[in-house]
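The values are calculated or read from the model by the stated rules, or taken from the named source; none is laboratory data. Owing to the predicted nature of the structure, the values given are computational and were not obtained by experimental measurement. Counting neighbours? That spans all protein chains shown, and the Cβs are built from the backbone with ideal geometry, glycine included.
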Amino acid sequence: MKTLAKVAALAAVSMIALNASGAGAEEITEFRIGILGGENASDRLRAYECLEEKTADLLGVPVKLFAPADYNGVIEGLLGGNLDMAWLGASGYAKVFLTDPEAVEPVLVKVNVDGSYGYYSIGFARVDSEINSLDDMKGKKFGFGDPNSTSGYLIPSIEIPKLGYSMKPGEYFGDVVFTGGHEQTIVAVFNGDIDAGVTWADGLGEWEDGFNSGALRKASDAGLVDMTEIQEIWRSPVIPEGPVVLSNKLPADVKEKMTNLMANLADEDKECAYGVMAGEAKGFMPITHAAYESIVAARKAKSQ
């Protein structure tokens with residue numbers, strides 16, 4: 001892991017040096033980190049406390065964490081210049097890029113334990129519901145997380161209709177609803193409030209653990225769900241993991257320091273990395289906009 005972290009850090013620093021020509025040499029007075037929705041705000045803030053402390057020590061300025069109720073809060077914070085860093089989903093990054101291509105720079109991506117940086121949208125239902133596939137969902141209520149979520153809406157809204165199931169409420173599914181986030185979807189299915197839902201997972205490890213990382217792992221760790229009482233009913237094609245982005249308004253040295261901090265997080269503090277990365281992962285590695293061109297194209301087509 002040390003080799004991966006050092007390579008990631010060096011490559012990322014080189015990338016920033018090339019791309020930071022627009023950044024000034026002015027000093028910052030604070031650093032603001034946005035945390036995407038998907039679970040309750042207190043849990044999100046708790047998971048990022050260690051990163052808050054490390055960032056404050058590194059930059060020597062106060063650090064503020066923001067955990068808005070929905071994805072759009074982080075997206076608008078980045079676009080409005082009110083946030084300096086966030087780990088976005090691929091669809092959220094696509095929205096930022098399509099709105100203002102110069103607002104942020106993708107610098108790092110989470111790497112799974114097998115070295116990949118993909119994940120899946122997972123459809124799931126209660127075991128006792130007798131829903132074993134989408135074929136059993138006719139007339140049932142299907143839950144999605146957030147309109148700006150890649151796995152919680154964008155990819156399912158594209159891939160599920162390809163299989164012949166209309167996403168318009170009442171045409172095949174009895175209703176199609178937004179729950180507000182991944183955690184809300186998982187709890188709603190587990191409690192029987194909706195018949196099935198979608199969430200994200202790396203697809204590695206054991207189902208009973210909620211896989212190695214993702215929303216199911218977080219919910220399982222928190223005791224919100226017994227994984228033996230729910231089952232997978234659909235899985236998307238692999239999705240590129242979303243990027244850690246930094247505001248292009250930041251000075252180049254700040255971007256360099258924060259990229260190094262994130263690139264080495266898993267090597268230097270496994271417990272902190274576990275919380276930030278939503279479970280077991282290898283670490284972060286450099287990424288560029290090119291990895292998300294297909295998601296940007298999908299998001300653009302969806303909005304037309």
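Being of a type in the set (D, E) and closer than 25 Å to N40 by Cβ narrows it down to one residue among E159, E183; which is it?
The match here is E183.
With respect to the numbered conditions (1) over 16 Å from the mean Cα position of the chain (by Cα); (2) under 19 Å from W87 (Cα atoms), which one is the sole condition not fulfilled by G283?
It is condition (1) that G283 fails.
Got a sec? Which of D100, D128, D84, D136 is surrounded by 16 or more Cβ atoms within 10 Å (Cβ to Cβ) and modelled with pLDDT of 95 or more?
Answer to the check: D84.
Can you name every residue in the stretch 70-118 that is of a type in the set (F, W, Y) and under 14 Å from the mean Cα position of the chain (by Cα)?
Those that are of a type in the set (F, W, Y) and under 14 Å from the mean Cα position of the chain (by Cα): Y71, W87, Y93, Y117.
Say we look at the stretch 211-235 and pick out the residues that are assigned to a strand (DSSP E or B) and either of a type in the set (K, R) or touching a Lys or Arg at 6+ places or on another chain (Cβ under 7 Å) (or both); which of these is farthest from M277 (Cα to Cα)?
Going through the qualifying residues, I end up with I230.
Is at least one residue of the stretch 164-171 within 26 Å of S294 (Cα to Cα), within 20 Å of the chain's Cα centre (by Cα) and of a type in the set (S, T, Y)?
No - not one qualifying residue is present in the stretch 164-171.
Give the number of residues within the stretch 34-85 that are closer than 22 Å to L216 by Cα and assigned to a loop (DSSP other than H, G, I, E, B).
The qualifying residues number 10.
Determine whether S157 is modelled with pLDDT under 95 and surrounded by fewer than 23 Cβ atoms within 10 Å (Cβ to Cβ).
The answer is no for S157.
Just checking, which of G192, G223, G210 is over 19 Å from L154 (Cβ atoms), surrounded by fewer than 18 Cβ atoms within 10 Å (Cβ to Cβ), out of contact with any Cys (no Cβ under 6 Å at 6 or more places or on another chain) and in contact (Cβ under 8 Å) with a residue 40 or more places away in the chain?
Only one candidate passes the filter, namely G192.
Kindly indicate the residue of the stretch 236-255 that is assigned to a loop (DSSP other than H, G, I, E, B) and under 16 Å from the mean Cα position of the chain (by Cα) and also surrounded by the fewest Cβ atoms within 10 Å (Cβ to Cβ) among those meeting that condition.
Result: V238.
Scan (1) among the aliphatic types (A, V, I, L, M); (2) under 26 Å from N82 (Cα atoms); (3) modelled with pLDDT under 95 for the single condition A222 breaks and write down its number.
Condition (2) is where A222 drops out.
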